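K.L.:
For reference, the structure I am asking about is given below.
The values are calculated or read from the model by the stated rules, or taken from the named source; none is laboratory data. As the structure is a computational prediction, the values presented were derived from the model and not from experiment. Positions of Cβ are generated from backbone atoms using ideal geometry, with glycine treated the same way; all protein chains shown enter the neighbour counts. We work out accessible area using only protein heavy atoms, side chains counted, and drop any ligands, DNA or RNA first. Shrake-Rupley method; radii C 1.70, N 1.55, O 1.52, S 1.80 Å.
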Amino acid sequence: MIVAEELSRSYRRPRSTPFGPRPQVRALHEVSFEVVAGQRFGVVGESGSGKSTLVRLLAGLDSPSSGAVRFDGQLVSGRRQRDLDFLRSRLQVVFQDPMGSLDPRMRVADIIAEPLVAQRIPGRAERVAEVLAAVGLPASAADRYPHQFSGGQRQRICLARALAPRPQVLIADEPVSALDVSVRAQVLNLLSDLVDRYSLTLVFVSHDLSVVRHVCDTVAVLKSGQLVELGAVEQVYRRPRHPYTRQLVRAVPTLRGALAGITAADLTP
Amino acid sequence: MRSLVLGGALVGLIVLAALLSFLWTPYDPTLVDAALRLRGVDWAHWLGTDRFGRDVASQLMVGARTTLYVGLVAVGVAALVGTPLGLLAASGPRWLGELVARVNDLVLAFPALLLAIMLGAGFGASTGTAMIAIGVATVPSFARVARAAAMQVLTTEYVLAARSAGRRPLAISVRHVLPNVAGLLIVQSSVSFGIAVLAEAALSFLGLGTQPPTPSWGRMLQESQELLAVQPRLVVVPGVAIALAVLGFSLLGDGLRDRLDPRLKGVGDAGR
Amino acid sequence: MLAVDRLGVRAGELDLVTEVSFTVSAGERVGLIGESGSGKSLTATALLGLLPEELTASGSVRVAGVEHELVGAPERLLTKLRGSRLAMVFQEPMTALNPAMRVIDQVAEAREVHHPGRDRVLVEADALRLLEQVRLPEVATLARAYPHQLSGGQRQRVLLAMALANDPDVLVCDEPTTALDVTVQAQLLELILAGVAERGAALLFITHDLAVVATVCERVLVMYGGRVVEAGPVREVLTEPRHHYTRGLLDASDLESTDEHGRLHAIPGTVPAAGEFPSGCVFRTRCGRADEQCADLPPWTGVPDHGHACWHPVGGDS
Amino acid sequence: MIVLRRAVILLVTTAVASLVVFALLAVLPGDPAQVALGVNATPELLAKARHEFGTDRPLPVQYADWLGGLLSGDLGRSYVTGEPIAPRLLDRFEVTLWLVGTAMVIAALVAVPLGAFAAVRHRRTSGVLVSAASQLGAAVPGFLAGILLVEVFAVHLRLLPSGGWTPPNADFGAFLRGLVLPALSLGLVQAAVLTRYVRSAVLDVLRADYLRTARAKGLGPVRALVRHGLRNAAVPVVTVLGLQLATLLVGAVIIERVFVVPGLGSLLLDAVGTRDLVVVQDVVMLLVVAVLLVNFLVDVLYAVLDPKLRRA
């Protein structure tokens, strides 16, 4: 479904001398993997790992410095925005900050309808009502503005918008990290339900390995722009091969672990 | 809230006086009558007459018209030129943003007064040269505010979401950027209007703006400057009018800022 | 060491924190757990008397060895206590340091404030030693750096060094690791624990993360809607909670236990905005066990440091 | 590094600005020779005058000549009096600098404490009053303030002269007395504007996390603000101060007219009156360069105050 081939992306920083070259920052370096249809593919990485860059590249919102992204055999990378219509209707993204990803000046109905308007898909009003119901929001939500909702509800609105054009692939970029624990479980349940119900292929990006473990079947571990480990999520979690993955698994405090006597000193390498 | 009401009331009062002056003024503001020179305040002349015997209240009303006219055209020109420039600088390629910033720096080095002097030296000073000078000098404020605000909007996740929904850049500018920077531009308009009123008064005071016989607050002040000791009213009346107008627009700007977009508070502060 | 009694924080007519009572002894590590709007950060800020102007505190905060009540105490007294007896580490490492001042000067200042007249060379040496203690890497170079040249974890180390500068009796940490990566979090937790252990200081650790509290603390207070709903030893509260909110929170954060459909145990509804919690039991709008009785404020069962406030506690009345 | 970059930009901008000044005044209607000689001049005399002024040459040559003169310090001769412009310009500029410098100092001395006070006390009546007063003050035109000050201190109280100028080396006491009123009318209005900026900058700093950190260390409210707040608040304030210096240079033009001070402004307005275009051109250019230079210095100062910019 999605193939990343030797993906690299570097950014130029503003030059530090008036005439010298601009220093480069490598955000992603030769990352390759494949996401097959129906897979729940997790990407785990800490800050600076390049996971946000990866999301942008996969969604065709940015172009790689080298390498390629293919969606269902078609090249995504390096294309002009207007040639990506095939991607826009079939792949949708949910972002991290549910407040920041909703235009404060638009009504919920218009927000959800935006992909439909952009892609000239008819039957907007019915579809908006359908997806609102699917994400568990009342029909009356359509006429309200984002600031009138709580964090969890806003993330539902984001999910509704992503579902509106009936995509096959959903990319979720840290969808629950801005949410309270008591709300996080709801949104994770909803996400799982939706993926099942609409047979979506899911790419789930997170800094939290335990969330990825709950949601995904496969996981890729990124560190400093490089893919250090890739495999079945249970395999990676229980028998990490790369030292960094081992460190990552070890560093996550867990309730069970703590009650079993694991101290802070045990979390560090 | 208080700023909004007070500012709105002051601005409303001036607009009302200006509009009314089209239909009616107590006297012809340009009518010179030696017999009526320097009359004090009475029922016939609410604010007295000046040294040419012209009715001060009538001049003040028509002067409001000049003030608003100059402000409107100047701010209009500045907004219409500056806003698209700023938006373009924010959404276009880097070099374009850099170019706009440099042109801004250049225009900033030519304050309204210098432009008015240069234009006046060539074409002869008039309301027109004053308007153009003030307008051009105000362009950078709008370009800056529009650019800063648009850059902020363009980095938001909702713009990213719109792109991934398949929106084209133009649609994003119209549907997302413009509505979200509009509030700030309205605030900037009000603030710039106040500055334009001040600039117009200064230019007229120097004889570089509106020419006689058209009444203008700045010139009313200049003409009666030396009469301050004898007839302080003649200086105080236009002086207070100018100060209240400027105050009105700046209060209105503050009030609108709080009302329209508390989240963007501070973004436009450096524009002045 | 620290005794808090019926602490309240109000914004005008709005109660943001109500009747929070607890104690922390020397060397003890107490966790304060809560979600957004629970009032946990306000509680911490109120302890040091650093609430924003528009908020007012009521109730009582006492520190051992200080005659005076800290709530409403004169600013001069608080200034003397802050940084020496009571120290705090804040959540946002990005903004909590002065951007225009070298790191070492900021640490040195923490020393200097409470040791006026001390030789500048000695103060700098103290500061360097503190930075070494929190294991700031490449300390010789980074000490002379400005905050923006440091990573989030490094800045948080600097903040910890500042807080520990004068061997405080009480260290308050407000979500000190929330903004950090897990690998960095682990290192910082270890440093905090070592720091308080060496000094025999009392630790009040505020977080939203149950696992972190379980790792760091001996006792825990659970806050919701500006009130403490349950308190007790970590092991007891986190294995046999009495309040339904604690129960729900535990279930919701346990990503390994699911129901028969593979679904997580979620708490229904959303966390109300601060000041918009219901009267009576603050959790009743989201609680499965709520009935008419819950419209009345449930009384505290037990002692201040060990008990709960629920009409229908989990596991019945004991 | 940033300094070098800004310096390059300054040079380019100045060059473009000179082109703008020249072009604006060159393409404008009006023949200097005609103006100098009057309407009755014979064609021969006009041609001779044009040759003398150099206005019969092609525009690019005139521009190059003028620019070359600027760089070597030769600003040409007045069309009207025939005198060299440079010495007179420098004399006048000195007067304006005294005026602007004093006004700037007054504005800063008044605005920084008042603004900080209004910010610290923003919830109390005293703070609100200060900020209301500054808003009102900012609405008063400088020339009006000048007229009123003259009325009070010169006409009624007879404490200070109503106008005129004594050079500092002639009679320092008289110089100071003559400086007070124009500098005050220029400075106080700017102080009002500046107060508002200082207030908002200090308010921002008061809400900053690092100030809370400083308080948590045990610094008292005032000490924390002075040690940690003011330097950070200075960054936006310095920018405004720079922009204001430009405003003051131009504002001086008006104030000099009110107080009959022989500064650049009077020179400029007189030159406009007599249509002495080459003088207008030189004075405008000088003012523009001054504004650009000030903005450049502000950028440099900015980099010094904000360590984040020093490296970038």
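K.L.:
In this structure, does B:GLN225 turn out to be free of Cβ contacts under 8 Å to residues at least 12 places away in the same chain, surrounded by fewer than 20 Cβ atoms within 10 Å (Cβ to Cβ) and farther than 24 Å from B:ASP258 by Cα? Step through it out loud before you land on a result.
P.N.:
Numbers: free of Cβ contacts under 8 Å to residues at least 12 places away in the same chain: yes; surrounded by fewer than 20 Cβ atoms within 10 Å (Cβ to Cβ): yes; farther than 24 Å from B:ASP258 by Cα: yes.
Against the criterion (free of Cβ contacts under 8 Å to residues at least 12 places away in the same chain, surrounded by fewer than 20 Cβ atoms within 10 Å (Cβ to Cβ) and farther than 24 Å from B:ASP258 by Cα), B:GLN225 qualifies.
K.L.:
Just to verify a result, which residue in the range C:235-253, among those that are of a type outside the set (Gly, Ala, Ser) and facing chain A (nearest Cβ under 7 Å), is nearest to A:ASP208 (Cα to Cα)? Explain how you work it out, then say what you get.
P.N.:
As a first pass, look at the range C:235-253 and keep what is of a type outside the set (Gly, Ala, Ser): C:235-247, C:249-251.
Imposing the further condition that a residue be facing chain A (nearest Cβ under 7 Å) reduces the set to C:235, C:238-239, C:249.
Values: C:ARG235: 24, C:LEU238: 21, C:THR239: 23, C:LEU249: 18 Å.
Restricting to residues being of a type outside the set (Gly, Ala, Ser) and facing chain A (nearest Cβ under 7 Å), the top hit is C:LEU249.
K.L.:
Residues of the range D:261-302 being under 23 Å from D:GLY146 (Cα atoms), open to solvent by 20 Å² or more (accessible area, probe 1.4 Å) and among the aliphatic types (A, V, I, L, M), which ones?
P.N.:
D:VAL272
K.L.:
Let me ask something else about it. In the list B:GLY122, B:GLY128, which residue meets the criterion of being without any contact (Cβ under 8 Å) to a residue 24 or more places away in the chain, surrounded by fewer than 21 Cβ atoms within 10 Å (Cβ to Cβ) and in contact with a Leu (Cβ under 6 Å, 6 or more places away or on another chain)?
P.N.:
Criteria check complete, one pass: B:GLY122.
K.L.:
Please tell me if B:VAL191 is in contact (Cβ under 8 Å) with a residue 12 or more places away in the chain, open to solvent by 20 Å² or more (accessible area, probe 1.4 Å) and within 14 Å of chain D (Cβ to nearest Cβ). Talk me through it step by step, then tell me what you get.
P.N.:
Values: in contact (Cβ under 8 Å) with a residue 12 or more places away in the chain: yes; open to solvent by 20 Å² or more (accessible area, probe 1.4 Å): yes; within 14 Å of chain D (Cβ to nearest Cβ): yes.
For B:VAL191, the condition - in contact (Cβ under 8 Å) with a residue 12 or more places away in the chain, open to solvent by 20 Å² or more (accessible area, probe 1.4 Å) and within 14 Å of chain D (Cβ to nearest Cβ) - is met.
K.L.:
Can you find, within the range B:155-184, the residue that is surrounded by the most Cβ atoms within 10 Å (Cβ to Cβ) among those that are in contact with a helix residue (DSSP H, G or I) (Cβ under 6 Å, 6 or more places away or on another chain) and more than 7 Å from every other protein chain (Cβ to nearest Cβ)?
P.N.:
Step one: filter the range B:155-184 for residues in contact with a helix residue (DSSP H, G or I) (Cβ under 6 Å, 6 or more places away or on another chain), giving B:159, B:162, B:165-167, B:172, B:176-177, B:180-181, B:183-184.
Applying the additional criterion that residues be more than 7 Å from every other protein chain (Cβ to nearest Cβ) yields B:159, B:172, B:177, B:181, B:183-184.
Numbers: B:VAL159: 23, B:ILE172: 20, B:VAL177: 25, B:VAL181: 29, B:GLY183: 20, B:LEU184: 25.
Here the residue is B:VAL181.
K.L.:
Go through the range B:77-117 residue by residue and tally those that are open to solvent by less than 60 Å² (accessible area, probe 1.4 Å) and hydroxyl-bearing (Ser, Thr, Tyr).
P.N.:
Here is the first cut: in the range B:77-117, the ones open to solvent by less than 60 Å² (accessible area, probe 1.4 Å) are B:78-79, B:82-83, B:86-87, B:89-90, B:92, B:96-97, B:100-102, B:104-117.
Within this subset, residues satisfying the condition of being hydroxyl-bearing (Ser, Thr, Tyr) are B:83.
The total comes to 1.
K.L.:
Of A:ALA125, A:ALA109, A:ALA68, which residue is more than 10 Å from chain B (Cβ to nearest Cβ) and open to solvent by 40 Å² or more (accessible area, probe 1.4 Å)?
P.N.:
Working: A:ALA109 fails: open to solvent by 40 Å² or more (accessible area, probe 1.4 Å); A:ALA68 fails: open to solvent by 40 Å² or more (accessible area, probe 1.4 Å).
None of the others qualify; the one that does is A:ALA125.
K.L.:
All but one of (1) crowded, with 21+ Cβ neighbours inside 10 Å; (2) assigned to a helix (DSSP H, G or I); (3) among the small types (Gly, Ala, Ser) hold for C:SER41, so report the exception by its number.
P.N.:
(1)
K.L.:
I'm told D:PRO161 meets every condition in (1) assigned to a helix (DSSP H, G or I); (2) away from chain B (no Cβ under 12 Å); (3) not charged (D, E, K, R) except one. Can you identify the failing condition by its number?
P.N.:
With respect to (1) assigned to a helix (DSSP H, G or I); (2) away from chain B (no Cβ under 12 Å); (3) not charged (D, E, K, R), D:PRO161 is out only on (1).
K.L.:
While we're on this one: Which residues, counting only those in the range C:277-318, are in contact with a His (Cβ under 7 Å, 6 or more places away or on another chain) and among the polar types (S, T, N, Q)?
P.N.:
C:THR301
K.L.:
Any residue at all in the range C:57-75 that is of a type outside the set (Gly, Ala, Ser), touching a strand residue (DSSP E or B) at 6+ places or on another chain (Cβ under 7 Å) and at pLDDT below 90? Step through it out loud before you land on a result.
P.N.:
Restricting attention to the range C:57-75, the residues satisfying the condition of being of a type outside the set (Gly, Ala, Ser) are C:61-63, C:66-71, C:74-75.
Still in the running and touching a strand residue (DSSP E or B) at 6+ places or on another chain (Cβ under 7 Å): C:61-63, C:69-71.
In the following step, the residues that additionally are at pLDDT below 90 were identified as none.
There is no residue in the range C:57-75 that is of a type outside the set (Gly, Ala, Ser), touching a strand residue (DSSP E or B) at 6+ places or on another chain (Cβ under 7 Å) and at pLDDT below 90.
K.L.:
Here's something else I'd like to know. What are the residues in the range C:283-302 that are over 30 Å from A:SER192 (Cβ atoms) and part of a loop (DSSP other than H, G, I, E, B), if any? Full working, then the answer.
P.N.:
First, pick out the residues of the range C:283-302 that are over 30 Å from A:SER192 (Cβ atoms): C:291-302.
Of everything in the range C:283-302, those that are over 30 Å from A:SER192 (Cβ atoms) and part of a loop (DSSP other than H, G, I, E, B) turn out to be C:ASP291, C:ASP296, C:LEU297, C:PRO298, C:PRO299, C:TRP300.
K.L.:
Here is a follow-up. So how many residues does the range C:116-151 have that are in contact with an Asp or Glu (Cβ under 7 Å, 6 or more places away or on another chain) and more than 12 Å from C:VAL103 (Cβ to Cβ)?
P.N.:
Quick first cut of the range C:116-151, residues in contact with an Asp or Glu (Cβ under 7 Å, 6 or more places away or on another chain) only: C:118, C:123, C:139.
Add one more test, that the residue is more than 12 Å from C:VAL103 (Cβ to Cβ), and what stays is C:118, C:123.
Going through the range C:116-151 one residue at a time, the tally reaches 2.
K.L.:
All but one of (1) surrounded by fewer than 20 Cβ atoms within 10 Å (Cβ to Cβ); (2) touching a residue at least 12 places away in the same chain (Cβ under 8 Å); (3) at the interface with chain D (Cβ under 10 Å from one of its Cβ atoms) hold for C:ARG135, so report the exception by its number.
P.N.:
Among (1) surrounded by fewer than 20 Cβ atoms within 10 Å (Cβ to Cβ); (2) touching a residue at least 12 places away in the same chain (Cβ under 8 Å); (3) at the interface with chain D (Cβ under 10 Å from one of its Cβ atoms), C:ARG135 violates only (3).
K.L.:
Residues being farther than 17 Å from A:LEU54 by Cβ and either within 14 Å of chain C (Cβ to nearest Cβ) or open to solvent by 10 Å² or more (accessible area, probe 1.4 Å) (or both): count how many of those fall in the range A:192-210.
P.N.:
Step one: filter the range A:192-210 for residues farther than 17 Å from A:LEU54 by Cβ, giving A:192-200, A:210.
Cutting the leftovers down to either within 14 Å of chain C (Cβ to nearest Cβ) or open to solvent by 10 Å² or more (accessible area, probe 1.4 Å) (or both) gives us A:192-199, A:210.
So the answer is 9.
K.L.:
What about B:ARG219, is it free of Cβ contacts under 8 Å to residues at least 40 places away in the same chain, open to solvent by 10 Å² or more (accessible area, probe 1.4 Å) and under 21 Å from B:ALA64 (Cβ atoms)?
P.N.:
yes
K.L.:
Restricting to the range A:87-106, count the residues that are open to solvent by 40 Å² or more (accessible area, probe 1.4 Å) and either closer than 16 Å to A:ALA59 by Cβ or within 8 Å of chain B (Cβ to nearest Cβ) (or both).
P.N.:
Pass one, the range A:87-106, residues open to solvent by 40 Å² or more (accessible area, probe 1.4 Å): A:90, A:96-97, A:99, A:105.
Applying the additional criterion that residues be either closer than 16 Å to A:ALA59 by Cβ or within 8 Å of chain B (Cβ to nearest Cβ) (or both) yields A:90, A:96-97, A:105.
Matching residues across the range A:87-106 total 4.
K.L.:
Of the conditions (1) in contact with a strand residue (DSSP E or B) (Cβ under 9 Å, 6 or more places away or on another chain); (2) more than 14 Å from chain B (Cβ to nearest Cβ), A:PRO138 fails just one. Which one is it?
P.N.:
Against the list (1) in contact with a strand residue (DSSP E or B) (Cβ under 9 Å, 6 or more places away or on another chain); (2) more than 14 Å from chain B (Cβ to nearest Cβ), A:PRO138 comes up short only on (1).
K.L.:
Sticking with this one: Within the range C:214-246, track down each residue that is within 23 Å of A:ALA265 (Cβ to Cβ), part of a helix (DSSP H, G or I) and open to solvent by 40 Å² or more (accessible area, probe 1.4 Å).
P.N.:
C:ARG235, C:THR239
K.L.:
Taking the conditions exactly as written (over 30 Å from A:LEU84 (Cβ atoms), out of contact with any Gly (no Cβ under 8 Å at 6 or more places or on another chain) and away from chain A (no Cβ under 12 Å)), does B:PRO213 satisfy them or not? Explain how you work it out, then say what you get.
P.N.:
Working: over 30 Å from A:LEU84 (Cβ atoms): yes; out of contact with any Gly (no Cβ under 8 Å at 6 or more places or on another chain): yes; away from chain A (no Cβ under 12 Å): yes.
Yes; evaluated as a whole, the condition is true for this residue.
K.L.:
State the number of residues belonging to the range D:219-236 that are crowded, with 23+ Cβ neighbours inside 10 Å, of a type outside the set (Gly, Ala, Ser) and at pLDDT below 90.
P.N.:
Looking only at that region, the number is 0.
K.L.:
Being without any contact (Cβ under 8 Å) to a residue 60 or more places away in the chain and open to solvent by 50 Å² or more (accessible area, probe 1.4 Å) is the filter here; which residues of the range D:176-209 pass it?
P.N.:
Selection gives D:LEU176, D:ARG177, D:VAL180, D:ASP204, D:ARG207.
K.L.:
Across the range C:6-37, what is the number of residues that are under 23 Å from C:GLY72 (Cα atoms), of a type in the set (Gly, Ala, Ser) and open to solvent by less than 10 Å² (accessible area, probe 1.4 Å)?
P.N.:
So the answer is 1.
To keep it simple, each residue is scored yes or no on (1) modelled with pLDDT under 95; (2) in contact with a His (Cβ under 8 Å, 6 or more places away or on another chain); (3) not assigned by TED's automatic domain parsing to the domain that holds C:LYS40.
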{"position": "C:VAL228", "(1), (2), (3)": "no, no, no"}
{"position": "C:LEU255", "(1), (2), (3)": "yes, yes, no"}
{"position": "C:GLU260", "(1), (2), (3)": "yes, no, no"}
{"position": "C:ALA266", "(1), (2), (3)": "yes, no, no"}
{"position": "C:VAL271", "(1), (2), (3)": "yes, no, no"}
{"position": "C:GLY275", "(1), (2), (3)": "yes, no, no"}
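K.L.:
Follow-up question, since we're still on this one. All but one of (1) free of Cβ contacts under 8 Å to residues at least 60 places away in the same chain; (2) surrounded by 14 or more Cβ atoms within 10 Å (Cβ to Cβ) hold for D:VAL95; state the number of the condition that does not hold.
P.N.:
If we test D:VAL95 against (1) free of Cβ contacts under 8 Å to residues at least 60 places away in the same chain; (2) surrounded by 14 or more Cβ atoms within 10 Å (Cβ to Cβ), just (1) comes out false.
K.L.:
Can you confirm whether B:LEU256 is away from chain D (no Cβ under 12 Å), of a type outside the set (Ser, Thr, Tyr), in a helix (DSSP H, G or I) and closer than 30 Å to A:PRO104 by Cβ? Explain how you work it out, then say what you get.
P.N.:
Details: away from chain D (no Cβ under 12 Å): yes; of a type outside the set (Ser, Thr, Tyr): yes; in a helix (DSSP H, G or I): yes; closer than 30 Å to A:PRO104 by Cβ: yes.
When the stated conditions are applied, B:LEU256 passes them.
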